[in-house]
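The values are calculated or read from the model by the stated rules, or taken from the named source; none is laboratory data. Note that the structure is predicted; figures quoted are calculated from it, not measured. Neighbour counts run over all protein chains shown; Cβ positions are idealised from the backbone, glycine included. Keep in mind that these areas ignore ligands, DNA and RNA; they rest on the heavy atoms of the full protein, side chains included. Shrake-Rupley method; radii C 1.70, N 1.55, O 1.52, S 1.80 Å.
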Amino acid sequence: MMMRQPASLTARLAILFAVATIITFAAVGSYLYRSLAMQLEHHDDHELAGKIDQFRYILMETQSVQSILQDQHRFVDAAAGHDGLIVLLRSISGQILMRNDAIISNPPAIPIVPVDQKPAPDDLHSWDYAPNATARTVSAWGRVGGSGEKVQIVVARTVSNRMALLGAYRLRVLGAMLAGAALAAVIGYLVVRRAVRPIKAIAHQARSITAQRLSTRLDAHAVPTELQTLVESFNAVLDRLQESFQRLSQFSADLAHDLRTPLYNLTMQTQVVLSKQRAGEEYQTLLLSSLEEYERLSRMVESMLFLARADNAQVALTKSALNAHDELQRIAEYFEGIADDAGVSFTVEADGTVTADAALFRRALGNLVANAIRFTAPGKAIRLASKQTVNGAVVSVTNPGTGIDEEHIPKLFDRFYRADAARSQSASSTGLGLAIVQSIMKLHGGTAEVNSVRDGETTFRLSFPDQA
């Protein structure tokens, strides 16, 4: 089944603009609609209260209740000209004296405002005078001026005209909302389309980056501020990728060079011996020389295999608390024979414990000690030390010698890198010892450092964190 193509960012943002506009217009329109409805209701209530005062004034100019029945035109004229206005006058005995609409023959049972009191907002009530028909109404007592008789005044205002006005307003708001949403979608699409041009330019730059052009970087200044962090992060990835690619290329070249030497030696020695008939001793010498080269190749392959497994975290660690003095003393005793042949001695200064895998700890220290023996002049001593720190333990191997030049130190832990070119062809060295030390320290979450003084001491420090 084919996967649906995701919508473009421009289309998504245009839709979001439209949705945001609809929500905003709906909220504003609802607020304005409600405000208008309340204002119209307040206006109707104020007009009803004014009509009560007007009919009270007309009653004060009337001689008697009977004259109201005989001459209703003044009251009818006062109610005329107002859409939906209903007026009813009723005597204190309940007789209907005047009405301008038959629907109010039976007025609602609501409190009647006293004669000497003006209608207040609480005196106005809603009246359902028919199914689905509502009116705002108020009832008050008035007094006939000539006879002093009380007359009930009922004034009502149907909401049909108000609802018609609100309905028309609601349609206008709805139309404005839809038109605004469509306009916002179009404008948003155009604006976003223009805004994403820098992103397309960056994408075009990214497509131009190949294995042969890893030095190319994206222009962070050509994108908006919000995307600069993303571009800078991508450039940082390219930096790491370029560095790794260069290291891999260098590693391949160094590996080919180091493999070529023993293979060349094996080929040349064999060809020389086979060029003519030899004595048995010469064949034996060839086999011993070949065995030495095979052992060198075996050590190289084993070291490369260890580094590959360490890089992929496939080396299982069995950490334990190791007695630092005992472990360093064990290393010194192990290399004692080689050190005696080189005229070198050991001193051990250690205390505390080291949290590490015992086998890998001894391998890392063994590589450092083997290097130290090769570069220490006869009659000198190699110092093995360990001290406890707040964060763990620091193990160091210090040897006097010619020292290491400053330019070699940053590359010292690289694979197949040799600071001493004269020893690059040594059968005892694969150029991977210090790289293995660094990999072991990474597996333990620690670090490997080196300090060297020209014609002075060179110190390798291994920092092992504690178990926590």
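In whole angstrom, how far apart do the alpha carbon centroids of segment 389-416 and segment 45-77 sit? When both Cα centres are located, 112 Å separates them.
Accessible surface computed residue by residue for the chain, with neighbouring protein chains in place and a 1.4 Å probe, gives 58 Å² per residue. Would you please name the GluC sites (Glu not before Pro) within segment 1-72 that are DSSP coil residues with at most 13 other C-beta atoms within 10 Å of their C-beta? Sparse-neighbourhood loop GluC sites (Glu not before Pro): 61.
Segment 114-165 and segment 372-388 have Cα centres lying 112 Å from one another.
With the whole protein complex present, residue 42 retains an accessible surface near 130 Å², based on a 1.4 Å probe. Each Cα pair under 8 Å and six or more residues apart adds its sequence gap; the mean of these over the residue count of the chain is a relative contact order of 11 percent. With a cut-off of 8 Å between alpha carbons and a minimum separation of six or more residues, what is the relative contact order of segment 128-182 in percent? 28 percent.
Give the peptides 458-465, 273-280 in descending order of average Cβ contacts within 10 Å, highest first.
The peptides rank, most packed first, as 458-465, 273-280.
Peptides 74-80, 84-90 ranked from most to least packed give 84-90, 74-80, packing being the mean of other C-beta atoms within 10 angstrom over each peptide's residues. When the charge dipole of the chain is built from unit charges on Cβ atoms (+1 for Lys and Arg, -1 for Asp and Glu) and taken about the Cα centre, the candidate among 58, 436, 356 whose Cα reaches farthest toward its positive end is 58. Between the beta carbons of residue 388 and residue 12, assuming R0 = 45 Å, the FRET efficiency works out to 0.15 to the nearest 0.05. Nearest-5 percent of antiparallel DSSP beta bridges in segment 1-157? Around 90 percent of the beta bridges assigned by DSSP in segment 1-157 are antiparallel ones. Beta bridges from DSSP with both residues in the chain: antiparallel share about 85 percent, rounded to the nearest 5.
Taking the charge dipole of segment 93-189 about its Cα centre, with +1 at Lys and Arg Cβ atoms and -1 at Asp and Glu Cβ atoms, the residue from 112, 165, 182 reaching farthest to the positive side is 182. Solvent-accessible area assigned to carbon and sulfur over the chain amounts to 57 percent, based on a 1.4 Å probe.
Report the charge-dipole magnitude of the chain in Debye, nearest 20, computed about the Cα centre from +1 at each Lys and Arg Cβ and -1 at each Asp and Glu Cβ. Provide the component values of the computation, followed by the final result.
Working: 46 positive and 47 negative charges, 340 e Å.
Result for the chain is approximately 1640 debye, rounded to the nearest 20.
Here residue 118 is the anchor, and the lysines within straight C-alpha reach of less than 21 Å, apart from those fewer than 8 places off in the same chain, are 51, 150.
Placing a pseudo-label 7 Å from each Cα along the Cα-to-Cβ vector at residue 110 and residue 24 gives an inter-label distance of 4.2 nm.
Heavy-atom accessible area, probed at 1.4 angstrom with all protein chains present, ranks 335, 234, 346 as 234, 346, 335, highest first. Local charge for residue 237 was computed over the other residues whose Cβ lies under 12 Å away, with Lys and Arg +1 and Asp and Glu -1, and equals -1.
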